[in-house]
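The values are calculated or read from the model by the stated rules, or taken from the named source; none is laboratory data. These numbers were taken from a predicted model, which means no experiment stands behind them. Positions of Cβ are backbone-derived with ideal geometry, glycine not excepted, and every protein chain shown enters the neighbour counts.
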Amino acid sequence: MHELIIIGGGPAGMTAAVYAARKRVDALLLSKDIGGQVLTTTGVENYMGYQYIEGFELMQKFEEQVKQFPLEQKIGQGVAGLSQLDAGFDVRTDNGESHQAKAVIVATGKRPRPLNVPGEQQLRGRGVTYCAICDGPLFTGQKVAVIGGGNSALEAADDMVKIAQYVYLVSLTPLTGDQILIDRVKDASNLTAFLEHEVVAIEGESRVEAIAIRDLKSGEEKRLEVGGIFIEIGLIPNSELAREIARLNNLGEIEVNCATETGVPGLFAAGDVTNVVEKQIVVAAGEGAKAALQAHKYIQRL
């Protein structure tokens, strides 16, 4: 049995790993990838120490720091389940392995929220994408649609106006992102924003051909011919594994106190999967550090 298992390889999980290793905790880091959501971020301008750094590069630096310590890692394995034992917890991975620990930190982050409209699932990976930084270059010179009105949608639109023939920005609401991002895209000559419009359907046979949208005020529908659709309408917490033992709020986030405690002795949570306000890299990293320090104190008390 390990002293601690950390689930998740994003900023919260990797920071927790560093702090646990520095406290010489016998820890295991389990994650299906390294970097989490930050890998889908074009550039980071608000992480202290860097005026600007690519998301991928920042996560490489996190990973390099973790590797400085003799910490056991199993990367590429998703977690299928989490349950309580008399003396701790059992964590089951997607490939059937079982790992036990006295304490667990859940730092599993969030995943993209789907539109749930006709054509979305059928054309996923064939023009429908949830990551502009990953797939944007595939649509160079084409007409594309970006769905959403928050920061992630605005960042995607800002990326795409530089390489796409034309960009349609479709949002259910007025734009809600940071003003600096709104200012970047509002004057783009190859962008049209359809605010207070909903997506009705995604059309296409083998690939995306068009998107149907509806004006929420007038009810008028439009058909926009596009080759790619970037869905940026928010994220869903990856909290399912803790649903049976931890309390979740109405958004599906794991509820924690200011010490990252869930209310279940030995179970901690950190980062975007929790109800902590402001989903930012620096916040997630700080919460990961807190979780590791609190887990260390818990293990010491045992």
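Taken together, 148, 78 contain a single residue that is small (Gly, Ala, Ser) and crowded, with 16+ Cβ neighbours inside 10 Å, which is 148.
Of all the criteria given as (1) touching a Gly at 6+ places or on another chain (Cβ under 7 Å); (2) modelled with pLDDT under 95; (3) surrounded by 22 or more Cβ atoms within 10 Å (Cβ to Cβ), the one not satisfied by residue 119 is (2). Taking (1) of a type in the set (Val, Ile, Thr); (2) without any contact (Cβ under 8 Å) to a residue 40 or more places away in the chain; (3) surrounded by 20 or more Cβ atoms within 10 Å (Cβ to Cβ) in turn, residue 281 satisfies each apart from (2). Residues of the range 153-193 that are part of a helix (DSSP H, G or I), surrounded by 23 or more Cβ atoms within 10 Å (Cβ to Cβ) and in contact with a Ser or Thr (Cβ under 8 Å, 6 or more places away or on another chain): 153, 155. When we screen 48, 1 for residues that are exposed (fewer than 14 other Cβ atoms within 10 Å of the Cβ) and within 20 Å of residue 268 (Cβ to Cβ), the only hit is 1. The set of residues in the range 225-270 being hydrophobic (A, V, I, L, M, F, W, C) and surrounded by fewer than 19 Cβ atoms within 10 Å (Cβ to Cβ) consists of 235, 236, 245, 248, 251, 258, 259, 264. Taken over the range 19-33, the criterion of being of a type in the set (A, V, I, L, M, F, W, C) and either modelled with pLDDT under 95 or not in a loop (DSSP other than H, G, I, E, B) (or both) is satisfied by 20, 21, 27, 28, 29, 30.
Please verify whether the range 8-23 includes one or more residues that are basic (Lys, Arg), surrounded by fewer than 20 Cβ atoms within 10 Å (Cβ to Cβ) and within 21 Å of residue 76 (Cβ to Cβ).
Step one: of the range 8-23, the residues basic (Lys, Arg) are 22-23.
From what's left, surrounded by fewer than 20 Cβ atoms within 10 Å (Cβ to Cβ): 22-23.
Checking the rest, the ones that are also within 21 Å of residue 76 (Cβ to Cβ) come to none.
Checking the range 8-23: not a single residue is basic (Lys, Arg), surrounded by fewer than 20 Cβ atoms within 10 Å (Cβ to Cβ) and within 21 Å of residue 76 (Cβ to Cβ).
I need the full set of residues from the range 23-46 which are hydroxyl-bearing (Ser, Thr, Tyr) and within 16 Å of residue 133 (Cβ to Cβ), in order please. Within the range 23-46, 40, 41, 42 meet the criteria. Under the condition of being of a type in the set (Val, Ile, Thr) and assigned to a loop (DSSP other than H, G, I, E, B), the residues counted in the range 194-247 number 4.
Name the single residue, out of those in the range 221-260 being acidic (Asp, Glu) and over 20 Å from residue 143 (Cβ atoms), that is modelled with the lowest pLDDT. Among residues in the range 221-260 that are acidic (Asp, Glu) and over 20 Å from residue 143 (Cβ atoms), the one modelled with the lowest pLDDT is 244. When residue 210 is tested against (1) in the same structural domain as residue 17 (by TED's automatic domain parsing); (2) in contact with a strand residue (DSSP E or B) (Cβ under 8 Å, 6 or more places away or on another chain); (3) without any contact (Cβ under 8 Å) to a residue 24 or more places away in the chain; (4) not polar (S, T, N, Q), just one condition goes unmet, and that condition is (1). In the range 125-153, what count of residues is obtained for those that are within 16 Å of the chain's Cα centre (by Cα) and of a type in the set (Val, Ile, Thr)? Final tally of qualifying residues: 2. Taking the range 42-75 as the region of interest, how many residues are among the aliphatic types (A, V, I, L, M), in a strand (DSSP E or B) and over 16 Å from residue 283 (Cβ atoms)? Adding up the residues that qualify gives 2. Looking across the range 221-249, the residues that are closer than 26 Å to residue 122 by Cβ and without any contact (Cβ under 8 Å) to a residue 60 or more places away in the chain come down to 221, 222, 223, 240.
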